[in-house]
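As structure tokens, the structure follows; a few thoughts come after it.
The values are calculated or read from the model by the stated rules, or taken from the named source; none is laboratory data. As the structure is a prediction and not an experimental result, all values here were calculated from the model. In this analysis, Cβ positions are derived from the backbone assuming ideal geometry, glycine residues included, and neighbour counts consider all displayed protein chains. For accessibility, only protein heavy atoms count, side chains too; no ligands or nucleic acids. Shrake-Rupley method; radii C 1.70, N 1.55, O 1.52, S 1.80 Å.
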Amino acid sequence: MTTAILTRPAPTRYEHVSLDDQRVPWIAGTTMKVIELVLDYQTHGWSPEELRFQHPYLTLGQIHSALAYYWDHQEQLDDDIQRRLRKVERLRRQARVSSLQARLRSEQIQ
């Protein structure tokens, strides 16, 4: 999880969401980005209650506020997710194969 220092968090109309200097939405009072919670929601299909169980430092109010922010800004955040996935894939292609990976591949253990 990435942390950032919010020099002057900008308020939003969502009680538990603030924007940093780069206009990235964060769950207020935490070091968690809205997009990180959304990825858990999308990847695992977790309900707000399950998200609360998995992230006990968040309140249900924070979770619902973050998800409401996502639904109201879905296109923008989905574009950001896709951009990040493309970057990861590009970096993965550029990475060298480690000696362990080479040995496992040679032994046909993947």
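Does TRP71 count as at pLDDT 95 or above, under 15 Å from the mean Cα position of the chain (by Cα) and part of a helix (DSSP H, G or I)? The answer is yes for TRP71. Of the residues making up segment 73-96, those that are out of contact with any helix residue (DSSP H, G or I) (no Cβ under 9 Å at 6 or more places or on another chain) and either of a type in the set (Lys, Arg) or in contact (Cβ under 8 Å) with a residue 12 or more places away in the chain (or both) are ARG83, ARG86, LYS87, ARG90, ARG92, ARG93, ARG96. Residue count for segment 74-110, restricted to those that are at pLDDT below 95, among the hydrophobic types (A, V, I, L, M, F, W, C) and assigned to a helix (DSSP H, G or I): 7.
Restricting segment 43-64 to residues that are in a helix (DSSP H, G or I) and without any contact (Cβ under 8 Å) to a residue 12 or more places away in the chain leaves a set whose member that is least open to solvent (accessible area, probe 1.4 Å) is GLU50.
Can you tell me which residue within segment 65-110, out of those that are open to solvent by less than 80 Å² (accessible area, probe 1.4 Å) and of a type in the set (Ser, Thr, Tyr), is farthest from GLU36 (Cα to Cα)? This residue is SER98.
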